[in-house]
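A short worksheet on the structure shown next.
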Amino acid sequence: MLRTGGPRNIVQGTVFINGTAPIGRTDHDFICATLDWWPPDKCDYGTCSWGKASFLNLDLTNPILLNAIKAFAPLKIRLGGTLQDKVTYERLGEPCPTFVKSSSEMFGFSQGCLPMSRWDELNNFFKQAGAVVLFGLNALSGRTIAADGSAVGAWNSSDAEFLMRYSVNKGYTIHGWELGNEVSERGVGTRIAADQYASDINNLQMIVQTIYAGFEVKPLVLAPGGFFDANWFTQFINKTPRSLQVVTHHIYNLGPGVDDHLIDKILNPSYLNGGSQPFRSLRGILKTSGTPAVAWVGEAGGAYNSGHNLVTNAFVFSFWYLDQLGMASSYDTKTYCRQTLIGGNYGLLNTGTFVPNPDYYSALLWHRLMGRNVLSTTFSGTNNIRAYAHCAKASKGITLLLINLDGNTTVKVHVANENVTSNGTLVTQQQNQTTFSGMSRGSNIDVSTREEYHLTALNGDLHCQTVLLNGNILSVNSSGSVPPLEPIETSQSDPITGAPFSIVFAHLANSTVPACEYVD
């Protein structure tokens, strides 16, 4: 069914921003994207959507790919996925097999191998692109699969040690080594007990400390890269108090990609609210455990089994994606890795042409506008507005994100600051009635104006893969360069207008709050 928006109703609403203190804090490079191992013959529901998007066969000479990564300066990239737990790393004189599709094999493919020549190409490319690289290691190496489907025995670290030493000798910078992909309690194909997984992570940390002994900054150790399960994660975290820097979990909360009701879920505020549970629970576990480890979303494609064409790679998916970014950061998640940068039906870039899909621009705007400090934000007026606010990035003030899930209603949004004074009194200031001091990014913008970025679908079609910024089509030029993302200026005294089925980033440069006074 074609979903389009049109202005039929107008409602008034108020977004309340409490700027007294941040409720969460993200990494400065919060936005992350993944590259996967899947070969071209990885198919789901009769559709083969991966093409040559595996990091084993991806065209690293494509200028759009290079420019798309460079635009983030930097972009975290996680190399991993299901098949990482069936991969060996090429050693001189030993065979290096390619993945072969086989229904009798776990995960549907035979054992594969990473050629060192390809590892060299990838690292040279990522250095040129300025990417921050995370690599997923094979966690099933050395184990056997028991009758109940679980993986038993200790992890054989010899391959991992080889790859690390090779990388160090070549001068490659790896930001983090992650052990395993979806082999924790709610594993896909198999699972590893929490006690054993913890022991393996303690071993991995010792290996990292040894191999990187002379390095002032050592790679992070990340795990388990699995679906959140409170009991398993609690046991695992409690047994890795000094070995684990990052707890990673995966999110596919929209269900299978074949689901014909994905858009209904995405446009349902109650369904979106349900997505907060793993963030909330994991934050609680980390606080209770006292561990210095932090939470990341290591992989999130929304709809599993490669997504759904013209949904998870179309404009409508920015509603789910940006809501996830806002929600995750509100619960102190430090990094959020989108499945995928390219590949499947949920790539930020088109699998065949490399042209950015709408979510690429949503991610880039977030990266450039939303700072590290997260502000408590509530909206009054309609349930169909999702509102998030952060201290602005690399500038004064606040950046507000508004997502209008209603295709028939334009929302006029008034902004109010809620600040607690020293005597505990809550003071609300309506921004369109109050003048604040401050300038935008050192520019000459008048303090009575604000900058706005309005994202809409071409012709209002939620299935469209062409996105408009302030009414203008976003597209790469003939040399593959990403277009500039320029705001419009509006009067500070006017409400922010959220058109039907639209997304708005508003930079309130002249809104000064205590939570944003000391932002790096």
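The values are calculated or read from the model by the stated rules, or taken from the named source; none is laboratory data. None of these values were measured; they are calculated from a predicted model. Please note: Cβ atoms are built from the backbone with ideal geometry, for glycine as well, and neighbour counts cover all protein chains shown. Note: areas computed on protein heavy atoms with side chains; ligands, DNA, RNA excluded. Shrake-Rupley method; radii C 1.70, N 1.55, O 1.52, S 1.80 Å.
Listing for the model above:
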read-out	value
Qualifying positions in the range 445-477 - among the small types (Gly, Ala, Ser), more than 24 Å from the chain's Cα centre (by Cα) and either surrounded by 15 or more Cβ atoms within 10 Å (Cβ to Cβ) or modelled with pLDDT of 95 or more (or both)	460, 471
Residue among 314, 387, 328 that is of a type outside the set (Val, Ile, Thr), within 26 Å of residue 36 (Cβ to Cβ) and in contact (Cβ under 8 Å) with a residue 60 or more places away in the chain	314
Residues of the range 242-253 that turn out to be part of a loop (DSSP other than H, G, I, E, B) and surrounded by fewer than 23 Cβ atoms within 10 Å (Cβ to Cβ), as a count	5
Filter pass, residue 388 being open to solvent by less than 10 Å² (accessible area, probe 1.4 Å), among the hydroxyl-bearing types (Ser, Thr, Tyr), at pLDDT 95 or above and out of contact with any Phe, Trp or Tyr (no Cβ under 9 Å at 6 or more places or on another chain)	no
Qualifying residue in the range 278-294 (condition: in contact with a Phe, Trp or Tyr (Cβ under 8 Å, 6 or more places away or on another chain), within 22 Å of residue 332 (Cα to Cα), open to solvent by 10 Å² or more (accessible area, probe 1.4 Å) and hydrophobic (A, V, I, L, M, F, W, C))	yes
Residues of the range 200-236 satisfying the condition of being outside any helix (DSSP H, G or I) and either open to solvent by 10 Å² or more (accessible area, probe 1.4 Å) or more than 25 Å from residue 284 (Cβ to Cβ) (or both)	212, 213, 214, 215, 216, 217, 218, 219, 220, 227, 228, 229
Flag for residue 29 being part of a loop (DSSP other than H, G, I, E, B), open to solvent by 30 Å² or more (accessible area, probe 1.4 Å) and either under 30 Å from residue 383 (Cα atoms) or touching a residue at least 24 places away in the same chain (Cβ under 8 Å) (or both)	no
Pairs with Cβ under 9 Å, 6+ apart, first in the range 227-251 and basic (Lys, Arg), second not in a helix (DSSP H, G or I)	242/291; 242/292
Selection from the range 61-120 of residues that are of a type in the set (D, E, K, R), open to solvent by 10 Å² or more (accessible area, probe 1.4 Å) and touching a helix residue (DSSP H, G or I) at 6+ places or on another chain (Cβ under 9 Å)	70, 86, 90, 91, 101, 105, 120
Residue within the range 501-509 that is open to solvent by 30 Å² or more (accessible area, probe 1.4 Å) and either on the phi < 0 side of the Ramachandran plot or of a type in the set (Lys, Arg) (or both) present	no
Test for residue 160: is it in a loop (DSSP other than H, G, I, E, B) and either in contact with a strand residue (DSSP E or B) (Cβ under 6 Å, 6 or more places away or on another chain) or closer than 13 Å to residue 207 by Cβ (or both)	no
Residues being at pLDDT below 95 and either open to solvent by 40 Å² or more (accessible area, probe 1.4 Å) or closer than 26 Å to residue 119 by Cβ (or both) - total across the range 149-188	2
Verdict on residue 49 being crowded, with 18+ Cβ neighbours inside 10 Å, assigned to a loop (DSSP other than H, G, I, E, B) and in contact with a Ser or Thr (Cβ under 6 Å, 6 or more places away or on another chain)	yes
Set 498, 480: member being at positive phi and either of a type in the set (Ser, Thr, Tyr) or open to solvent by less than 10 Å² (accessible area, probe 1.4 Å) (or both)	480
Hits in the range 254-277 (condition: open to solvent by 50 Å² or more (accessible area, probe 1.4 Å), under 23 Å from residue 24 (Cβ atoms) and either touching a helix residue (DSSP H, G or I) at 6+ places or on another chain (Cβ under 6 Å) or among the charged types (D, E, K, R) (or both))	271
Count - residues of the range 168-199 that are in a loop (DSSP other than H, G, I, E, B), in contact (Cβ under 8 Å) with a residue 60 or more places away in the chain and not hydroxyl-bearing (Ser, Thr, Tyr)	7
